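**Q** For reference, the structure I am asking about is given below.
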Amino acid sequence: MRALLISDIHANLEALEAVLAAAPAHDVVWNLGDVVGYGANPNEVIDETRRLGSVFVRGNHDRVCSGLAGIEEFNPVAQRAARWTECVLTGEHREWLRHMAVGPIAPDGPFVRCVHGSPSDEDEYVLTVRDAWPALDATDARITFFGHTHIQGGFATNGDEWFRLAPQYAMHRNGHGGSHKEAEEFEFEIHEGARYLLNPGSVGQPRDGDWRAAFALYDDAQRTMTWYRVPYDVQEAQERILQAGLPDRLAARLRDGR
Ligand SMILES: [Fe+2]
């Protein structure tokens, strides 16, 4: 079974379309939440992602933009984006967001879970090994797929030691800096006996210094996780954000990947 993992699309239609065009053959799509918020095309992105499959975990922006939670937990830029999103969402899309499953969910048997933040809290950022330890302690799943941080990679433990995982792309290895004009992939072998927290990265607003849209493929028969980065039409996504009257910062950060 090959699962396409996508997360944190954040209403960025250009990035989502580039990901889907580049995605390898897969059997299912698992979406780790934050379908909307920040970007200029929430309705189109919801339509597109719903066509792909039915496995979704709710993200904090999905919750706030659909009115399930107050806006005050967000910073001022996120608040403006959430208010705008709530105004433009169709009634049907708003209802769909309100009924998204709260993680953890088990899309394929007992070994795998999908969450937005961490297994114990959909709002928690798992950024360090110190965060990963209690997060893994809160689940008996062998592999937990998570999003929310917008950072591709993850964490692993063999019971004694802890490891931070990050895809090693050629541009970094060769010291070519950050032009990132090509698509790249990095395959990682999943070891028997180890436990993992794995993040496909953010489709629509990466924050790991690489502007390219991020996603991943999990193959349970091959025991691999493959991380991908693909270029997309950032300028178009930025123009749509500005035309919508959303904060400039949301457009600018797409080019920086921060
Ligand atoms: Fe997010």
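**Q** Tell me the residue from Arg258, Arg229 that is under 30 Å from Leu136 (Cβ atoms), of a type in the set (Lys, Arg) and assigned to a strand (DSSP E or B), please. Quick ask: steps written out before the conclusion?
**A** On the way: Arg258 fails: assigned to a strand (DSSP E or B).
After applying the criteria, what remains is Arg229.
**Q** Sticking with this one: Among the listed residues Ala15, Ala81, which satisfies the condition of being over 25 Å from Phe111 (Cβ atoms), over 16 Å from the mean Cα position of the chain (by Cα) and surrounded by 24 or more Cβ atoms within 10 Å (Cβ to Cβ)?
**A** It is Ala81.
**Q** Gly53 - would you say it is touching a strand residue (DSSP E or B) at 6+ places or on another chain (Cβ under 6 Å), surrounded by fewer than 24 Cβ atoms within 10 Å (Cβ to Cβ) and modelled with pLDDT under 95? Before the answer, list the steps.
**A** Details: touching a strand residue (DSSP E or B) at 6+ places or on another chain (Cβ under 6 Å): yes; surrounded by fewer than 24 Cβ atoms within 10 Å (Cβ to Cβ): yes; modelled with pLDDT under 95: yes.
In short, yes.
**Q** Could you run through the stretch 182-212 and say how many residues are among the hydrophobic types (A, V, I, L, M, F, W, C) and touching a Leu at 6+ places or on another chain (Cβ under 9 Å)?
**A** Here is the first cut: in the stretch 182-212, the ones among the hydrophobic types (A, V, I, L, M, F, W, C) are 183, 186, 188, 190, 194, 197-198, 203, 211.
Among the residues that remain, those that are also touching a Leu at 6+ places or on another chain (Cβ under 9 Å) are: 188, 190, 197-198, 203, 211.
Total satisfying the criteria: 6.
**Q** How many residues does the stretch 43-65 contain that are in contact with a Ser or Thr (Cβ under 9 Å, 6 or more places away or on another chain) and either of a type in the set (S, T, N, Q) or away from the ligand (no atom under 16 Å from the Cβ) (or both)?
**A** So the count comes out to 1.
**Q** Mind telling me which of the residues Ala11, Ala40, Ala15, Ala3 ends up being within 21 Å of Gly103 (Cα to Cα), in contact (Cβ under 8 Å) with a residue 12 or more places away in the chain, aliphatic (A, V, I, L, M) and within 16 Å of the ligand (Cβ to nearest atom)?
**A** Details: Ala40 fails: within 21 Å of Gly103 (Cα to Cα); Ala15 fails: within 21 Å of Gly103 (Cα to Cα); Ala3 fails: within 16 Å of the ligand (Cβ to nearest atom).
Among Ala11, Ala40, Ala15, Ala3, only Ala11 is within 21 Å of Gly103 (Cα to Cα), in contact (Cβ under 8 Å) with a residue 12 or more places away in the chain, aliphatic (A, V, I, L, M) and within 16 Å of the ligand (Cβ to nearest atom).
**Q** Could you say which residue among Gly153, Gly147, Gly103, Gly67 is touching a residue at least 60 places away in the same chain (Cβ under 8 Å), surrounded by 14 or more Cβ atoms within 10 Å (Cβ to Cβ) and under 29 Å from Gly245 (Cα atoms)? Please lay out each step first, then the result.
**A** Details: Gly153 fails: under 29 Å from Gly245 (Cα atoms); Gly103 fails: under 29 Å from Gly245 (Cα atoms); Gly67 fails: touching a residue at least 60 places away in the same chain (Cβ under 8 Å).
Result: Gly147 is the single residue among Gly153, Gly147, Gly103, Gly67 that is touching a residue at least 60 places away in the same chain (Cβ under 8 Å), surrounded by 14 or more Cβ atoms within 10 Å (Cβ to Cβ) and under 29 Å from Gly245 (Cα atoms).
Residue-by-condition table, conditions (1) at positive phi; (2) within 16 Å of the ligand (Cβ to nearest atom); (3) not in a helix (DSSP H, G or I):
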position: Glu95; (1), (2), (3): no, no, no
position: Ala101; (1), (2), (3): no, no, yes
position: Gly109; (1), (2), (3): yes, no, yes
position: Arg113; (1), (2), (3): no, no, yes
position: Leu127; (1), (2), (3): no, yes, yes
position: Ile151; (1), (2), (3): no, yes, yes
position: Gly159; (1), (2), (3): yes, no, yes
position: Gly201; (1), (2), (3): yes, yes, yes
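The values are calculated or read from the model by the stated rules, or taken from the named source; none is laboratory data. Because the structure is a prediction, the values reported are computed rather than measured. Neighbour counts run over all protein chains shown; Cβ positions are idealised from the backbone, glycine included.
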